[in-house]
Amino acid sequence: MTSHLQELENKSIAIIREAKAQFKNLAVLWSTGKDSTTSLWLCKKAFFGRIPFPVIHIDTGYKFPEIYKFRDKVAQEWGFNLLVAKNEEAIEKGMSPEKGRFECCTLLKTEALKDLIEREKFDALILSIRRDEHGIRGKERYFSPRDEEFKWDYKNQPAEMWDLYVKPAEDYSHMRVHPILHWTEFEVWQYVKQEGLPVNPLYFAIDGKRYRSLGCQPCTIPIPSNAKTIDQIVEELRTSKISERAGRAQDKEKAYMMQKLRALGYM
Amino acid sequence: MIILALDALDLHLVKKFNCKSLMQKECGQTDISEFKLERTVVLWASFLTGKNMEAEIPVKGQWEFKLKKEETFLKFFNSPKAIDVPAYSLREKNHVEERRLLKAYFDDKASVEEHDRVVWKNHEENKKLLFQSLGKFDLVLSYFDLADAVGHLSFGILSKMKEVYEELENLAKRVKDEDDFTLIISDHGMKAVGRYGDHTRNGFYSLNKTMGLNVPKITDFYQVIRGVAE
Amino acid sequence: MSLPKISLVIVGHKDHGKSTLIGRLLYDSKAIPEQRLQEIRDELERSGEKEFRFAFLLDSFREEREGGLTMDIMQTPFKTKRHLYTIIDCPGHREFIKNMITGASQADAAILVVSAKEGIEDQTRQHAFLTKMLGINQLVIAVNKMDEVGYDQRRFEEFSCELRNVMTSLGYEDPKIIPVSALTGENVLKKSRRMRWYNGLTLVEALDEKVSPSALPTDKPMRGWVQDVYDFDMGKILVCKIVSGTLEMGKEIVFQPTGQKGLVKKIEMFGKDLRKAEPGDSVGVLVEGIKEIARGEVISYSEAQMLPAREFVAEIIVLTDLEMRNGDVLTIRLGTAERRCRVQTILEKMDAVSFALEEKFPAFLKEGDVGKVRFVALEPICLERYSEIPELGRFVIEGRKGTASAGLVLEVCIHA
């Protein structure tokens, strides 16, 4: 273990253990992507081989089939309590990105999660966001409170000093815990390789394309790539011009235009 | 009469770039809210016939759809010339090539630059045809898809749209003729989706004579043109 | 990837060009991929901006974004010959002092930005004061906006003199002061062409020289705190974070404040057993001979035992509108411990701007105030002087809306 990754791991494990010590009903969100799989693994390490709280997968019904396969396989191998959050009602009513991307995400992801949190009374969730993913994430804290509408008042955040993470105060629905906030995309891949963590095959290139981040099928666009191994992915990252999340936002716009132009008869 | 059919020309950008020759004496927006989807061929066909043609033109095969002269306002003229007009005299090969590159872009097989290069090339060809025809016919109806084609991929990039609008402004300036009734019209407008451009529910029109039109429907122009011709 | 990682915080008055400097650091060091730059230029055009301003690179808080482009550049580390720097975001507005402190609390090093045009302002002094208070000694000063004073040598030298006085009065010895223009890029990474009279280091060179990654405090007395106790199938395991010194197998450790003693039978991280654990390690420890141990206890060796304090003096900064008064009973969070303490006497109120003693024995401290306070522990609490072992010398006081104040221990009084 390189000392650099060891340091990252130490800090993350300490954060996860703090969350367990401070909250009564903890859960971890898992998308089967490389970041949340890393967090799951860190949880396993933090608790000496077990994950003593539920693992939540938000299923919009539109995920790639590879995600479902991968999810079930890892859940079985690692032996944890998998909870699937799904907004069955909205899916049955035919909600899809064609009805409006924002609405689709809100109903199928946010609402599904909200319902699950209420039902199971979770008071803290472990999420795998990183600061380098997204501009506004640079302002995130390790422990970040959310109100009932999942809103985050970034201007008025409580201070978070040193490693004394934000403590539950009043008026909040749940606390978000971000154990890998300080990791970079590159470091996550290094760690995945070092630890031999299972990687969703969608990350690797087939026919000159691969997925850099795993969203729902209709709204996630692959990037041109020939990277078939983690080393190749890492090499590609070093020279890559497209940032991960910006790609995702652009993906949505591109996906929308493709559909619209098809509907208009241009393609 | 001169009609410049400028696909996707949008009032907001015409104003933003201060295109006086495009604005002419009277200008404004057109109303295409009666149409379920803002399809180029449907809109121009409706413009030409004065009727809502949406139900008659299915998406599949729309680019090959052709109206007969008697169905359009061209019949009111002795010697009408229609250059690259959708649903009538489309220069198919050029548009097929543009659409091929559009699809290739979304398949990550072509760049925006490659697509735009072909669009501008086709534009120059149409320009040549236009200037050869001016003065020789009693109606010159010339279509340019520059704003639409470039806009689909780059409406969000102001510098690119500035180039397009400056070109169309110059075109309008060159065509200007005080004596000849000139209508500049677009089928729909455009709005940005990130860097891309989506169709909107209002087109653009302008006239070199004040007529006092008030957000006319695109199908209203049939009667307007008939009135001027007769 | 073998360059040591340094967390850098940029402080100073909000209008003195911090954002521009950050943009310049990232841009000149080629930390930003070309595609991102193009996207930014495109977005600038769309919003009608006339020129490429570096501050735009960091505008990650724009709520209405046209086109949905996001700026994720802030966390891009930039490389120099010696280090890999990650910039911690630090808004400079007075309102957000708690943001500044949060950011600075995570930093290894700092750049203080002062404008040659506007000169030293209150917030400049306040930030310098707070940075020193938090113990950040690796600090370099950038005298920015030299372009707005005609790159004038005399102005710089006079100004440096002023600055030097301010910094030494705070306890910064021989401060490195560099003339720069973040806007034009003079002397940030590239040697200045317009300030030929200047023969010193560029900002980045000065930073590289000043900064060195902190060594692990393995030579200090062994200290750690108990984070939690897990009772899985292999028996009770104590989860501890080692803060200083080295925890070794087979040694006897003391728990405070309960005073229990036990033998270290096993030190483990998932997947492997260790012979020892060093500062920064979070490990599971199996200890023989103890009864109930709770989260919050501190471990040490008998030879250099940590003893609970009854009284202590701390430097306090109030971060929210929760005032601190004599007699207040507060909950102090230090390490993993939470203990109730009473404010016995507020000894001094310091002015973070004038650095002067504003008032002796003030009646209260309010938001933004810095002071020295004597506390009495109502429950035994283990602490060290901040200058000795920082992790055991820093704490926060909780209010209803979260962290209300932060404190650094100056003196510890132990009554047996």
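Numerical summary
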read-out	value
Separation of alpha-carbon centers, the stretch B:47-119 and the stretch C:114-167, rounded to whole Å	65
In order through the stretch A:227-234: 3J(HN,Hα) via Karplus (6.51 cos²θ - 1.76 cosθ + 1.60), integer Hz, x for Gly, Pro	6, 10, 10, 4, 4, 5, 4, 4
Projected label distance in nm at residue C:304 and residue B:110, using a 7 Å step from Cα toward the beta-carbon	7.2
Highest-fluctuation residue, B:156, B:203, B:194 considered, GNM on chain B with Cα pairs under 10 Å	B:194
Distance violations [Cα-Cα > 18 Å] among A:93/A:254; B:136/B:176; C:145/C:191	A:93/A:254
Degrees between helix C:122-133 axis and first principal axis of chain C (Cα, 0 to 90, nearest 10)	30
Amide hydrogen neighbours beyond the local backbone of residue C:245, cut-off 5 Å, H modeled	C:218, C:219, C:220, C:223
Residues residue B:201 and residue A:21, FRET efficiency given R0 of 51 Å [Cβ-Cβ distance, rounded to 0.05]	0.35
Charge tally in the Cβ shell below 15 Å around residue C:388, where Lys, Arg are +1 and Asp, Glu are -1, residue C:388 excluded	-1
Helix-only mean residue ellipticity at 222 nm for the protein assembly as shown, each DSSP H run of n ≥ 4 adding -39500 (n - 2.57), per residue, nearest 500	-9000 deg cm²/dmol
Cleavage-rule hits (GluC sites (Glu not before Pro)) in the stretch C:291-339: DSSP loop, at most 16 neighbouring Cβ within 10 angstrom	C:292, C:323
Rounded if a/c under 1.5, otherwise prolate or oblate - the stretch B:2-229, Cα gyration tensor axes	rounded
Unsatisfied cross-links (Cα-Cα over 26 Å) in the set A:69/B:60; B:16/C:117; C:220/C:401; C:18/C:190; A:11/A:193; A:167/C:276	A:69/B:60; B:16/C:117; C:220/C:401; A:167/C:276
Helix axis angle, C:34-46 relative to chain C longest principal axis, alpha carbon, degrees	60
Centre separation in Å (Cα based) which lies between the stretch C:235-281 and the stretch C:169-230	35
5 angstrom amide H check on residue B:200, placed H, neighbours 5+ away	B:189, B:190, B:191
Residues whose placed amide H lies under 5 Å from that of residue C:350, excluding near-sequence neighbours	C:358, C:370, C:371, C:372
Point-to-point label distance, residue A:119-residue C:278, nm (Cα→Cβ direction, 7 Å offset)	4.8
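Read-outs: derived from the displayed coordinates by stated rules, not from any lab. Everything numeric here is computed off the predicted structure, so don't read it as measured data. Note that we place each Cβ from the backbone using ideal geometry, even for glycine, and neighbour counts take in every protein chain shown.
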